[in-house]
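Q: Take a look at this one; I'll ask things after.
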Amino acid sequence: MVQKEFHIVAETGIHARPATLLVQAASKFQSEIKLAYKGKEVNLKSIMAVLTLGAGKGADVTITVNGADEEAAMEGIVTTMTKEGLI
Amino acid sequence: MYSFIKGIAASNGIAIAKAYRLIEPILEVTEDCIEDVEMEITLFVNSMKTTQTELEFLREKVRKEQGDEKALIFDAHITILNDPELTDAVKNSIRDEKSNAAYALKQVSNMYVGMFETMDDPYLRERAADIKDITKRLTSHILGVRLADPSLIDEEVIVVAEDLTPSDTAQLNRKFVKGFTTNIGGRTSHSAIMARTLEIPAVVGTGVATEKIKHGDLIILDGFSGKVHLQPSEEMIVEFQERIEEYQMKKAEWAKLVNEATITADGQRVEFASNIGSPSDLEFAIANGAEGIGLYRTEFLFMEAEKLPTEDEQFEAYKKVLEGMKGKPVVIRTLDIGGDKKLPWLEMETEMNPFLGVRAIRLCLLKEDLFRPQLRALLRASAYGNLKILFPMIATLDEFRSCKAIYLEEKENLIASGVTVAENIEIGIMVEIPSTAILADQFAKEVDFFSIGTNDLIQYTMAADRMNESVSYLYQPFNPAILRLVKMVIDASHAEGKWTGMCGEMAGEELAQPILLGLGLDEFSMSAPSILKSRSNIKKMNKVEMEVLAAKALNCRTAEEVLALVKE
């Protein structure tokens, strides 16, 4: 299991296009990937779950990856989040 | 057997092509108890695959034709389609409750739609529409029903529809769509305006087009007479083919006038400008010989955006237009929202009579957080060209004074903070409300110019909803009452050394132009394709003679009398 905490700095939070790209990035991996915010945990491969989480600007979120390709998955997610200006 | 149907000639030209019925099928989903769970799941999975292929096709097509930005929406749709929460929920419902796939999808989709629709964030509320859209597509494949989809058209056709929404028309491919005909709509409905912009013939308001025309039938669409010919004979096809060629030759003749000024036979000059909806229309306007932009409708910038466009985004758009016109006049109208135009991310109260409610300037004065950034963006852009600012739907002088006060306040603040602002920005008002036309002599002392919006002026003067076909006979640009209002406005402006333009449909009407010229109109702003033809007409007219004609028209009793007079 790999776990990391992130501080969201994007003006619109995990939203719109960055959210779509984040979900697409997560979906490429076999591992189970969870996004947690304010005590609620959702599947990071589900765009609708991610959007309903409502992680806005300034949110502190935790991403947990569990599975065979967990290291690569976390790396891919961090890359996307950085590229899209989420963190 | 040959027959024809008649509607309103909404856009010039003739087309001969196969009919393409763009009609929303009814997707009826009933609850069935299934026996073969695996078969139902396979049906669902296969439908997902077909939907995926279709969305990928659309994404690539839109990417090629309209760019990456517009293709993004399909990316989002594909991501939603593959959402494991959604697909697992459907599969579970098939498995556990023995629901049929279409019904299981409907239940799951409704739950998510409900969830998103009640969210506070306007962006997230909008996502409900995406889920509905995907559900519709997916359901159509589960049920094996063909969905109407204008972007899938890949051969020359004439589109036949009940009505076309702005988003439908935006998806029409000019290469293949040779024209369209609809059951409802009038000369000023969105579909009609769009047809003129795309320069394709259109016949709207036929009442029966979808009933009479079969998918795949060869039909002739005559945008001059407003007729649609069904099952035409060989001779008719040849005859109309010749008329298409004739029209194209005439158009080539008009094209020679692109760089010429608009001058009457007796040497009087007027300005022929173009109406535009976005900076991307500019090229088309210039190619059609526009001497200026008489109306830039900024609301499309707001309607197409996912959220309120920032001041900087607005600034860039306005700057582009001003720079593009290279010092020629550009009239930019502040936000005209309300009535039939809504913003997806802006909460607006449902009104009994939206056209008589909080629209245009009324909304802007209520919501200064919309209005002020737009004025700042305009002021900042003013340094890049010849800007004139136009306030829509002014009913009283107080409204204009409030606008001007806010405008001056923003202007001073910008100058104080070191921003360059043009010195000679004119500020004018739309004359759409009879009270303003009647009091034009007083307004003229305070405004820099008038722009007459005839579509609304006629609607408000005749008290006839322009969206309601049953009263479309009251849409009478040639009614002497309207002409007198127009005259009052023009005379009032001239008495104060100001000018009057017209940006409504009437300014581009071939039959109205002689009268408007005679009444002394200074600027005619129309859809770009009308400019060259109108210029060629004006060159043959004598202004002094048209003044006599206008004086006669003002003393007619009915619109029919005026029309008969002009045709003479």
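The values are calculated or read from the model by the stated rules, or taken from the named source; none is laboratory data. Everything numeric in this text was worked out from a predicted model, so none of it was measured. Cβ coordinates were reconstructed from backbone atoms using ideal geometry, including for glycine residues, and neighbour counts include every protein chain displayed. Ligands, DNA and RNA are excluded from the accessible area calculation, which covers all protein heavy atoms including side chains. Shrake-Rupley method; radii C 1.70, N 1.55, O 1.52, S 1.80 Å.
Q: Quick one: B:Lys98 ticks every box in (1) more than 12 Å from chain A (Cβ to nearest Cβ); (2) under 28 Å from B:Ser151 (Cα atoms) except a single one, so which number is it?
A: Just one mismatch for B:Lys98, condition (2).
Q: When the residues of region B:111-129 are narrowed to those that are at pLDDT 85 or above and surrounded by 15 or more Cβ atoms within 10 Å (Cβ to Cβ), which ends up farthest from the other protein chains (Cβ to nearest Cβ)?
A: B:Glu117
Q: So, in region A:36-46, of the ones that are more than 19 Å from A:Thr79 (Cβ to Cβ) and open to solvent by 10 Å² or more (accessible area, probe 1.4 Å), which residue ends up farthest from the other protein chains (Cβ to nearest Cβ)?
A: A:Gly39
Q: Here's something else I'd like to know. Would you be able to tell me the number of residues in region B:433-458 that are closer than 12 Å to B:Met488 by Cβ, open to solvent by 10 Å² or more (accessible area, probe 1.4 Å) and either touching a Lys or Arg at 6+ places or on another chain (Cβ under 8 Å) or not assigned by TED's automatic domain parsing to the domain that holds B:Lys487 (or both)?
A: Qualifying residue count for the region: 0.
Q: Looking at B:Ser189, B:Ser140 in this structure, which one is open to solvent by less than 10 Å² (accessible area, probe 1.4 Å) and either of a type in the set (Ser, Thr, Tyr) or without any contact (Cβ under 8 Å) to a residue 60 or more places away in the chain (or both)?
A: Every option except B:Ser140 fails the conditions.
Q: Select from region B:21-42 the residues that are of a type outside the set (Val, Ile, Thr) and within 17 Å of B:Gly205 (Cα to Cα) and write down the one among them that is farthest from the chain's Cα centre (by Cα). Break it down into steps so the answer makes sense when it comes.
A: If we filter region B:21-42 for residues that are of a type outside the set (Val, Ile, Thr), which is where we start, we get B:21-22, B:24-25, B:27-28, B:31-33, B:35-36, B:38-40.
Filter once more, keeping what is within 17 Å of B:Gly205 (Cα to Cα): B:21-22.
Working: B:Arg21: 22, B:Leu22: 19 Å.
Across region B:21-42, the extreme among qualifying residues is B:Arg21.
Q: Could you tell me which of the residues A:Thr20, A:Thr12, A:Thr52 is within 11 Å of chain B (Cβ to nearest Cβ), of a type in the set (Ser, Thr, Tyr) and either buried (at least 21 other Cβ atoms within 10 Å of the Cβ) or on the phi > 0 side of the Ramachandran plot (or both)?
A: Just one listed residue meets the conditions, A:Thr20.
Q: I'd like to check something: does region A:57-71 contain any residue that is surrounded by fewer than 20 Cβ atoms within 10 Å (Cβ to Cβ) and either touching a His at 6+ places or on another chain (Cβ under 6 Å) or free of Cβ contacts under 8 Å to residues at least 24 places away in the same chain (or both)?
A: Yes, region A:57-71 contains a residue that is surrounded by fewer than 20 Cβ atoms within 10 Å (Cβ to Cβ) and either touching a His at 6+ places or on another chain (Cβ under 6 Å) or free of Cβ contacts under 8 Å to residues at least 24 places away in the same chain (or both).
Q: Just the residues that are surrounded by 18 or more Cβ atoms within 10 Å (Cβ to Cβ) and either assigned to a strand (DSSP E or B) or in contact with a Pro (Cβ under 8 Å, 6 or more places away or on another chain) (or both), please, taken from region B:336-356.
A: If the condition is that a residue be surrounded by 18 or more Cβ atoms within 10 Å (Cβ to Cβ) and either assigned to a strand (DSSP E or B) or in contact with a Pro (Cβ under 8 Å, 6 or more places away or on another chain) (or both), then B:Asp336, B:Gly338, B:Gly339, B:Lys341 are the ones that fit.
Q: Please enumerate the residues belonging to region B:280-291 that are on the phi < 0 side of the Ramachandran plot and touching a residue at least 60 places away in the same chain (Cβ under 8 Å). Spell out how you get there, then give the answer.
A: As a first pass, look at region B:280-291 and keep what is on the phi < 0 side of the Ramachandran plot: B:280-288, B:290-291.
Passing the criteria: B:Asp281, B:Phe284, B:Ala285, B:Ala287, B:Asn288, B:Ala290.
Q: Another question, if that's okay. Hey, among B:Val62, B:Val108, which residue is farther than 20 Å from A:Lys45 by Cβ and either touching a Phe, Trp or Tyr at 6+ places or on another chain (Cβ under 7 Å) or within 14 Å of chain A (Cβ to nearest Cβ) (or both)?
A: B:Val62
Q: Please find, among A:Ile33, A:Ile77, the residue that is within 14 Å of chain B (Cβ to nearest Cβ) and either surrounded by 20 or more Cβ atoms within 10 Å (Cβ to Cβ) or farther than 18 Å from B:Asp83 by Cβ (or both).
A: Unique residue meeting the criteria: A:Ile33.
Conditions (1) modelled with pLDDT of 90 or more; (2) touching a Leu at 6+ places or on another chain (Cβ under 6 Å), marked per residue:
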position: B:Glu239; (1), (2): yes, no
position: B:Arg243; (1), (2): yes, no
position: B:Glu246; (1), (2): yes, no
position: B:Ala252; (1), (2): no, no
position: B:Leu257; (1), (2): yes, yes
position: B:Gln268; (1), (2): yes, no
position: B:Ala273; (1), (2): yes, no
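Q: Turning to a different aspect of this structure: Name the residues in region B:319-328 that are in contact with a Phe, Trp or Tyr (Cβ under 8 Å, 6 or more places away or on another chain) and not hydrophobic (A, V, I, L, M, F, W, C), would you?
A: Within region B:319-328, B:Lys319, B:Glu323 meet the criteria.
Q: Another one. Name the single residue, out of those in region A:1-60 being part of a loop (DSSP other than H, G, I, E, B) and within 14 Å of B:Thr79 (Cβ to Cβ), that is nearest to the chain's Cα centre (by Cα).
A: Here the answer is A:Leu44.
Q: Can B:Ala553 be described as in contact with a Pro (Cβ under 9 Å, 6 or more places away or on another chain), in a helix (DSSP H, G or I) and among the small types (Gly, Ala, Ser)?
A: Values: in contact with a Pro (Cβ under 9 Å, 6 or more places away or on another chain): yes; in a helix (DSSP H, G or I): yes; among the small types (Gly, Ala, Ser): yes.
It is true that B:Ala553 is in contact with a Pro (Cβ under 9 Å, 6 or more places away or on another chain), in a helix (DSSP H, G or I) and among the small types (Gly, Ala, Ser).
Q: Moving on. When B:Thr396 is evaluated against the numbered criteria (1) crowded, with 16+ Cβ neighbours inside 10 Å; (2) more than 23 Å from B:Asn275 (Cβ to Cβ); (3) of a type in the set (Ser, Thr, Tyr), which criterion, by number, is the only one it fails?
A: So B:Thr396 meets the others, but not (1).
Q: Now, a different point. Please specify each residue of region B:377-402 satisfying the condition of being touching a residue at least 60 places away in the same chain (Cβ under 8 Å) and over 26 Å from the mean Cα position of the chain (by Cα).
A: B:Arg380, B:Tyr384
Q: Name the helices (runs of 4 or more DSSP H) wholly within region B:393-508 that hold at least 2 residues that are of a type in the set (Gly, Ala, Ser) and closer than 23 Å to B:Arg359 by Cα?
A: Working: elements: B:397-416, B:434-438, B:440-443, B:454-462, B:480-495.
By residue number, B:397-416, B:434-438.
Q: What residue, among those in region B:286-308 that are open to solvent by 10 Å² or more (accessible area, probe 1.4 Å) and part of a loop (DSSP other than H, G, I, E, B), is nearest to B:Thr454 (Cα to Cα)? Even if it seems obvious, please write down each step before you answer.
A: We begin by selecting, within region B:286-308, every residue open to solvent by 10 Å² or more (accessible area, probe 1.4 Å); these are B:286-288, B:291, B:297, B:300-301, B:303-308.
Right, trim to part of a loop (DSSP other than H, G, I, E, B) and you get B:288, B:291, B:304-308.
Values: B:Asn288: 22, B:Glu291: 21, B:Glu304: 25, B:Ala305: 28, B:Glu306: 31, B:Lys307: 31, B:Leu308: 29 Å.
It comes out as B:Glu291.
Q: Continuing with this model, one more query. Which condition number in (1) touching a Phe, Trp or Tyr at 6+ places or on another chain (Cβ under 9 Å); (2) among the aliphatic types (A, V, I, L, M); (3) buried (at least 21 other Cβ atoms within 10 Å of the Cβ) is the one that B:Leu483 fails?
A: So B:Leu483 meets the others, but not (1).
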